[in-house]
Amino acid sequence: MALNGLNEEQLEAAKAPLGNNLIIASAGTGKTSTIVGRIAHLLYEGIAPEKILLLTFTNKAAGEMLERLERHFDAKIVSKIESGTFHAVSYRWLKEFDPKLSLKQPFELKTLFRSVYEKRDFTRLNLEQSAFSSAFLYDIYSLYQNASNNGFEAWFLERYPEHKPLVDIYMHIIDEFEQEKEQFGFLSFNDLLIQAIEKRDVLQKEFTEVLVDEYQDTNTLQGILVDALKAKSLFCVGDYDQSIYAFNGANIENISTFKDRYEKAKIFSLKTNYRSSASILSLANRVIEHNERIYPKKLEVGRVGEDISPKLLVYKELFEQYQAIADTIRASYTPANEVAVIFRNNISADGIEASLRERGISCKRKGGMSFFDTKEIKFLLDMLTLLVNPKDMMAFIHLFEYAKGVGSSHAKEFYTSLLHCGNGNLFVGVLNPKTDSLPPSSAISNHNLGLFGDDIQMSSASRFTTLGLSSDVLNHPLLKHPKMTTNGALFFQGFYDFLALYQGKGYPSSILNSAIKSKMYAVVVEFLSNQRARLRNGEIDEVRREEAKEKIMKKCSLLLELSKNYNDLNSFLNAMILGASELSEGEGVNLLSVHASKGLEFRDVYVIDLMKGRFPNHKLMHQGGELEEERRLFYVAVTRAKDKLMLSLAQYDKVKKIDFKPSIFLYEAGILKGEKPKG
């Protein structure tokens with residue numbers, strides 16, 4: 001019988017009478033088993049399977065629950081249970097009603113929205129306030145659909161009052177967009193829920209019970225859909241202490257006001273944790289109790305075995321922290337895939353990822369781009385790669401693509417030209433060209449420049465005389481290439497200067513330092529920081545641009561620190577580049593943002609950078625977050641640990657030259673004594 005494996009509290013919830021039931025399922029308390037047990041109980045009680053609706057946040061989760069049920073019930077019975085994500089279920093219903101409906105991806109609908117938007121000429125209005133871009137206005141409208149049941153105009157003006165002169169135009173754009181969608185039968189993901197709500201009567205979907213998994217993550221629109229179904233019974237399972245998706249539209253009020261919104265609501269609590277040791281649970285309880293207790297609860301230990309107290313790791317310097325944790329992981333006997341390093345900020349993960357790679361420890365990163373996949377790091381490694389292997393044409397192309405007006409095709413031509421000028425040697429072709437001519441057009445497959453076998457029609461380099469180039473560069477045959485641009489010439493000057501200093505000779509740290517300070521890299525930093533600071537309306541936010549530059553240079557400093565451990569460039573590049581695929585895929589240490597760690601568990605967990613300002617993240621708190629949500633994030637992070645929990649912090653950042661104070665959560669956990677810092 002499917003209910004036999006449940007403990008007393010799980011069984012009580014699973015066998016609850018039909019009605020409005022909320023199950024508070026704390027971390028590691030067996031919520032999936034309880035949901036499966038509940039559905040089994042309904043079937044045992046004679047509820048028809050087609051009268052049961054299971055709503056989850058991934059189709060995989062629904063599939064796993066149904067698979068468990070098939071161990072106890074005939075597959076034909078289980079297959080009749082309506083299940084899936086909110087969107088998947090709504091789409092099935094709507095397609096039954098109107099098979100011609102067509103679900104469109106966001107990028108497709110953004111294109112349609114832009115076609116409507118571009119009919120308007122905002123420039124003729126002569127307004128001081130610039131209009132939002134098409135893409136940004138679309139995102140605002142999408143957020144509104146998830147977050148509010150009131151009119152768009154009032155909701156919009158509450159958030160963007162300075163755009164009041166434009167609101168009528170925005171409204172007309174949205175109205176026309178909706179008309180065109182209706183005309184062609186297009187649906188967005190939000191439309192699936194909206195139309196399922198609006199057409200609930202004609203869809204004629206009646207359920208005895210609706211079960212909702214991860215109820216704390218539901219948004220306003222999903223909450224409205226649950227109510228619109230008017231089921232005889234609700235079975236909502238979630239944990240308000242694990243509500244960490246407010247930035248994505250989740251509305252914690254759905255779970256916090258359950259007992260007030262539903263008549264005769266009953267609250268059940270799963271408090272026996274089978275995942276973590278007593279010491280880890282005690283720490284988690286001490287911290288999360290500082291949040292308002294919406295529903296009373298306290299985690300209790302349900303497992304046996306050795307109880308290892310959580311450990312605080314304190315390091316003098318930030319990078320020392322990452323290196324020491326990597327050493328600790330290397331010395332551990334715990335299998336790599338049972339180890340997780342959990343971080344609040346992506347920049348925290350860069351240091352530990354780089355340190356693990358340096359030691360040959362495979363890892364996989366989720367919840368942020370790999371340090372080695374970022375454009376600023378790839379560029380530097382390509383610069384160094386050319387010194388070791390000048391025949392690496394792709395590294396050359398990747399570099400010169402950053403020169404404005406020089407694409408991959410032109411960059412390839414430049415590379416071929418330089419090899420020609422150096423009789424096959426790139427260094428010679430750049431620094432001491434053996435010929436004044438460029439290669440035959442057939443050598444670079446350029447059919448638009450003269451006849452095969454002829455030299456490329458060379459242009460005059462005099463067009464670059466005002467750029468302040470060195471005489472060696474100004475007289476270089478490459479500048480006579482007809483496709484050489486002003487920015488390309490300046491970029492080539494930087495490349496020439498870099499090669500003149502180093503040709504694979506010298507210590508990696510000194511070579512890398514020169515690359516970071518080179519004119520070439522200055523172009524890349526400027527390009528990337530502008531790109532990352534560009535607003536939806538096309539303007540550059542100066543504050544964000546400076547922040548982007550700071551983050552880029554932070555990554556450079558980290559790479560520079562790593563290079564100091566090597567005496568030759570080839571060894572350094574091998575450590576940094578080889579095995580890149582293992583870091584993001586397959587087996588290895590798990591590098592996870594807190595959000596990406598939710599729902600997972602590991603034998604050993606390291607929660608890093610527990611310093612004031614980093615965790616809790618003050619910047620995100622100032623952008624609309626709250627200390628309570630940061631505390632929930634910490635709670636989620638520490639309750640991923642089964643056996644060992646290591647909490648780490650650094651006291652100083654030698655790059656930024658700032659001192660750190662410990663996180664407030666370490667005081668709340670009782671690991672540190674004394675006066676708690678504010679926030």
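The values are calculated or read from the model by the stated rules, or taken from the named source; none is laboratory data. Note that the coordinates shown come from a computational prediction; the quantities given were computed from them, not determined experimentally. When we count neighbours, we look across all protein chains shown, and the Cβ atoms used for this are built from the backbone with ideal geometry, even at glycine. Side chains included, ligands, DNA and RNA excluded: accessible areas come from the protein's heavy atoms. Shrake-Rupley method; radii C 1.70, N 1.55, O 1.52, S 1.80 Å.
Can you give the FRET efficiency for Thr485 and Arg359, using 1/(1 + (r/R0)^6), R0 = 45 Å, r = Cβ-Cβ distance, to the nearest 0.05? According to the calculation, E is roughly 0.55. In the context of the full set of protein chains, the range 509-571 has a per residue accessible area of 50 Å² (1.4 Å probe). The mean sequence distance of close C-alpha pairs (under 8 Å, at least 6 residues apart), as a share of the length of the chain, puts its relative contact order at 17 percent. For the range 66-166, what D do you get in µm² per second when you plug the Kirkwood radius from alpha-carbon pairs into Stokes-Einstein at 20 °C and 1.002 mPa s? Value of D from the Cα-based Kirkwood radius: 121 µm²/s. Rounded to the nearest 500, what is the chain's calculated 222 nm mean residue ellipticity when only DSSP H runs of at least 4 contribute -39500 (n - 2.57) each, over all residues? Dividing the helical sum by the residues of the chain leaves -13500 deg cm²/dmol.
Calculate how many DSSP beta bridges within the chain are antiparallel, expressed in % of all such bridges and rounded to the nearest 5. So the antiparallel bridges amount to about 10 percent of the total. Calculated accessible area for the range 171-286 comes out at 41 Å² per residue, all protein chains present (probe 1.4 Å; ligands, DNA, RNA ignored).
Per residue, the accessible area of the range 316-433 comes to 37 Å² when a 1.4 Å probe rolls over the protein heavy atoms. When its C-alpha radius of gyration is set against 2.2 N^0.38 Å (N residues), the range 335-410 gives a value of 1.39. Principal-axis analysis of the Cα atoms of the chain puts helix 278-288 at an angle of about 90° to the longest axis.
Annotation for the range 193-226: GluC sites (Glu not before Pro) lying in DSSP loop with at most 16 further Cβ atoms inside 10 Å of their Cβ are Glu206.
Counting only protein heavy atoms and a probe of 1.4 Å, the accessible surface of the chain is 49% carbon and sulfur.
Of the options [x] 30.1, 90; [y] 37.3, 113; [z] 30.4, 117, only one is Rg and Dmax of the Cα atoms in Å as computed from these coordinates, and that is [x].
Taking Cα atoms only, the orientation of helix 31-44 departs from the longest principal axis of the chain by about 40 degrees.
Which FRET efficiency value, to the nearest 0.05, is calculated for Asp139 and Leu501 with the Förster distance at 51 angstrom and r the Cβ-Cβ distance? Here the calculated transfer efficiency is 0.65. Scaled against 2.2 N^0.38 Å for its residue count N, the alpha carbon radius of gyration of the range 586-662 is 1.20.
Rounded to the nearest 10 degrees, the inclination of helix 408-421 to the longest alpha-carbon principal axis of the chain is 30 degrees.
Its Cα gyration tensor gives the range 216-297 an equivalent ellipsoid. The semi-axes, each the square root of 5 times an eigenvalue, are 26, 15, 11 Å from largest down.
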